[in-house]
Amino acid sequence: MVIKMNVPKLRFEGFYNQWDEHTINDAFNIITDFVAAGSFASLRENVKYYNDKNFAQLIRTIDIKINFKNKDFVYVDEKAYKFLWRVVLNEDSIILPNIGSNIGEKYYIEHNKLPYQNNVLGPNSILLRSNTHNLKFLYYVIQHRNFNIQLKNLVGASGQPKFNKTDLKKIKIKIPEIEEQEKIENMLSLLDKKIELQSQKIEALKLYKKGLLLNYFKGKKTNKIIKDIIKYGKAGGTPKSSVKEYYNGKIPFLSISDMTKQGKYIYNTERNISEIGLKNSSAWLVPEDSIILSMYASYGLVAINKIKLSTSQAMFNMILNDNVFVEYIYQYLNYLNISNYYDKLISTGTQSNLNAEKIYNIKIFIPEFNEQKLIANLLNCIDILIEFNIKKKKNYHKLKKGLMQNMFV
């Protein structure tokens, strides 16, 4: 019995042939005829091209990464365009940054969906096209872990991350017949569209929530400060990282990263500390259903912990009075964040920080308890809808990850 090695675990019905092995050089047209970074810098210094919106746009990886949502584009005049014409984005392309921090990322560009008619690409990238294969399928192939492992070996672990065309050419990938390419590409493209639609829905709900917060709270006359509504408030602390016994215990230890990932409710943390670590630091055990407000760098993030935990000194933790509804305070502090209230309070320096004294004196509007619950419950309905759609998007990503693992060789 012959075992076919070059076939995926999961296939569409009717496809049985093995996938053929190709090098990147065989599968793609590789374009690296870029202006050197030094020459590009010289062009930027000597040619005033930023305001000529009537000619062409310079496409940077930062523009692609945020899906052209910012308006800080760079436009080139005719002189600069002729200097850069070697990499004109006049057809669908795959862009691989090959120098710098975003190395290893892949961008698929549909040229007819770019926000400008004439487009040229800057340096520090490699452009891939193909005349013999489905380009979008190849884009999914190079997202597979087999390609990523080979690319990582090219980049190495020391110095500035980079790879060149010569090394890239040697990477091997496996490709099926064109009909199977198209089947796989169509399915994954449909899944990507669903993910994008979910992203748009989430952003729309967040914008709607922002409008509701402004509608409920803007212009309300404040009648309390934070100090009036809490039983106890204190920043956390971090046990010395050099003492191993202070970590890997049973006490959840909250970081800013945990807050960013989990959002409104905190159910778990990436790290734990021990009892001895808690006792030998300024960290303390914060009871569940407390308000946690970030103070350093990403200041103004707010969360409600659903477990007992400790936090770093980057967070101020508040146990509320009994006549204050925790969900209401969460919503009000979010309102202060989106209305840039905290910007007026931060200390300047190497980092933008809040501190305990400033938080104690934050002015706040506190209505009667039943009204607090009514406002918070209405806003919570939107939070639930946002969370539902975020989970739906995550499930689409999980599905795609599973398919990517099993539909490629």
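The values are calculated or read from the model by the stated rules, or taken from the named source; none is laboratory data. Keep in mind it's a predicted model, so treat the numbers as computed, not measured. Cβ coordinates were reconstructed from backbone atoms using ideal geometry, including for glycine residues, and neighbour counts include every protein chain displayed. Ligands, DNA and RNA are excluded from the accessible area calculation, which covers all protein heavy atoms including side chains. Shrake-Rupley method; radii C 1.70, N 1.55, O 1.52, S 1.80 Å.
Name the residues in the stretch 4-30 that are in contact with a strand residue (DSSP E or B) (Cβ under 8 Å, 6 or more places away or on another chain) and of a type in the set (G, A, S), would you?
Just the residues of the stretch 4-30 that are in contact with a strand residue (DSSP E or B) (Cβ under 8 Å, 6 or more places away or on another chain), to begin with: 6, 19-24, 27-30.
The one that is in contact with a strand residue (DSSP E or B) (Cβ under 8 Å, 6 or more places away or on another chain) and of a type in the set (G, A, S): A27.
How about the stretch 7-31: which of its residues are open to solvent by 50 Å² or more (accessible area, probe 1.4 Å), touching a residue at least 40 places away in the same chain (Cβ under 8 Å) and assigned to a loop (DSSP other than H, G, I, E, B)?
Hits for the stretch 7-31 are K9, L10, R11, F12, N17.
In the list E196, E185, E179, which residue meets the criterion of being closer than 16 Å to L135 by Cβ and open to solvent by 60 Å² or more (accessible area, probe 1.4 Å)? Spell out the reasoning first.
Details: E196 fails: closer than 16 Å to L135 by Cβ; E185 fails: open to solvent by 60 Å² or more (accessible area, probe 1.4 Å).
Sole residue among the options that is closer than 16 Å to L135 by Cβ and open to solvent by 60 Å² or more (accessible area, probe 1.4 Å): E179.
Can you say whether A303 is modelled with pLDDT under 95 and of a type in the set (A, V, I, L, M, F, W, C), as far as the supplied structure shows? Before you say what the answer is, go through the steps one by one.
Values: modelled with pLDDT under 95: no; of a type in the set (A, V, I, L, M, F, W, C): yes.
Against the criterion (modelled with pLDDT under 95 and of a type in the set (A, V, I, L, M, F, W, C)), A303 does not qualify.
Could you list, in sequence order, the residues of the stretch 267-318 that are open to solvent by 40 Å² or more (accessible area, probe 1.4 Å) and either in contact with a Ser or Thr (Cβ under 8 Å, 6 or more places away or on another chain) or of a type in the set (S, T, Y) (or both)?
Y267, E270, R271, S282, L285, Y296, A297, S298, Y299, L301, Q313
Could you check the stretch 382-402 and list, in sequence order, the residues that are over 10 Å from I195 (Cβ atoms) and touching a residue at least 24 places away in the same chain (Cβ under 8 Å)?
Scanning the stretch 382-402 gives I382, D383, L385, I386, E387, N389, I390.
I want to confirm something. Restricting to the stretch 199-221 and keeping residues that are among the hydrophobic types (A, V, I, L, M, F, W, C) and open to solvent by 40 Å² or more (accessible area, probe 1.4 Å), which single residue is nearest to V324 (Cα to Cα)? Quick ask: steps written out before the conclusion?
Keep residues of the stretch 199-221 that are among the hydrophobic types (A, V, I, L, M, F, W, C), which gives 202, 204-205, 207, 212-214, 217.
Now drop any that are not open to solvent by 40 Å² or more (accessible area, probe 1.4 Å), which leaves 204, 207, 214.
Numbers: A204: 30, L207: 27, L214: 21 Å.
Step by step, filter the stretch 199-221, then rank; the result is L214.
Please tell me if K224 is open to solvent by 40 Å² or more (accessible area, probe 1.4 Å), on the phi < 0 side of the Ramachandran plot and in contact with a Lys or Arg (Cβ under 8 Å, 6 or more places away or on another chain).
On the way: open to solvent by 40 Å² or more (accessible area, probe 1.4 Å): yes; on the phi < 0 side of the Ramachandran plot: yes; in contact with a Lys or Arg (Cβ under 8 Å, 6 or more places away or on another chain): yes.
In short, yes.
Do we find a residue being touching an Asp or Glu at 6+ places or on another chain (Cβ under 8 Å), open to solvent by less than 60 Å² (accessible area, probe 1.4 Å), among the hydrophobic types (A, V, I, L, M, F, W, C) and modelled with pLDDT of 95 or more anywhere in the stretch 108-120?
Within the stretch 108-120, the first condition is being touching an Asp or Glu at 6+ places or on another chain (Cβ under 8 Å), and the residues that meet it are 108-111.
Adding the requirement that they be open to solvent by less than 60 Å² (accessible area, probe 1.4 Å) leaves 108-109.
Restricting the remaining residues to those that are among the hydrophobic types (A, V, I, L, M, F, W, C) gives 109.
Pick out the ones that are also modelled with pLDDT of 95 or more and you get none.
No; the residues of the stretch 108-120 include none that is touching an Asp or Glu at 6+ places or on another chain (Cβ under 8 Å), open to solvent by less than 60 Å² (accessible area, probe 1.4 Å), among the hydrophobic types (A, V, I, L, M, F, W, C) and modelled with pLDDT of 95 or more.
All but one of (1) under 16 Å from Q313 (Cα atoms); (2) outside any loop (DSSP other than H, G, I, E, B); (3) at pLDDT 95 or above hold for T269; which doesn't?
(2)
Looking at the stretch 346-363, which of its residues are open to solvent by less than 30 Å² (accessible area, probe 1.4 Å) and in a helix (DSSP H, G or I)?
I359
Does any residue of the stretch 198-218 turn out to be part of a helix (DSSP H, G or I), over 23 Å from N380 (Cβ atoms) and of a type outside the set (A, V, I, L, M, F, W, C)? Step through it out loud before you land on a result.
First pass over the stretch 198-218, keeping only residues part of a helix (DSSP H, G or I): 198-217.
Filter again for over 23 Å from N380 (Cβ atoms), leaving none.
No, the stretch 198-218 contains no residue that is part of a helix (DSSP H, G or I), over 23 Å from N380 (Cβ atoms) and of a type outside the set (A, V, I, L, M, F, W, C).
Which number in (1) surrounded by fewer than 19 Cβ atoms within 10 Å (Cβ to Cβ); (2) touching a residue at least 40 places away in the same chain (Cβ under 8 Å); (3) out of contact with any Lys or Arg (no Cβ under 8 Å at 6 or more places or on another chain) marks the one condition that K261 misses?
Here K261 meets the rest and fails (2).
Checking D343 against (1) under 29 Å from E371 (Cβ atoms); (2) in contact (Cβ under 8 Å) with a residue 40 or more places away in the chain; (3) in a helix (DSSP H, G or I); (4) not aromatic (F, W, Y): exactly one of these is not met. Which one?
(2)
Which numbered condition in (1) open to solvent by 30 Å² or more (accessible area, probe 1.4 Å); (2) in contact with a helix residue (DSSP H, G or I) (Cβ under 8 Å, 6 or more places away or on another chain) is the only one that K165 fails?
(2)
Taking strands (runs of 3 or more DSSP E) that do not extend beyond the stretch 105-187, which have at least 2 residues that are under 24 Å from the mean Cα position of the chain (by Cα)?
Working: elements: 107-109, 119-121, 125-129, 172-175.
Result: 107-109, 125-129.
Can you tell which of N395, N334, N370, N380 is buried (at least 19 other Cβ atoms within 10 Å of the Cβ), modelled with pLDDT of 95 or more and part of a helix (DSSP H, G or I)?
On the way: N395 fails: buried (at least 19 other Cβ atoms within 10 Å of the Cβ); N370 fails: buried (at least 19 other Cβ atoms within 10 Å of the Cβ); N380 fails: buried (at least 19 other Cβ atoms within 10 Å of the Cβ).
When all the criteria are applied, what remains is N334.
What number of residues within the stretch 219-272 are aromatic (F, W, Y) and in contact with a helix residue (DSSP H, G or I) (Cβ under 7 Å, 6 or more places away or on another chain)? Explain how you work it out, then say what you get.
Filtering the stretch 219-272 down to residues aromatic (F, W, Y) leaves 232, 246-247, 253, 265, 267.
In the following step, the residues that additionally are in contact with a helix residue (DSSP H, G or I) (Cβ under 7 Å, 6 or more places away or on another chain) were identified as 246-247.
Selection size over the stretch 219-272: 2.
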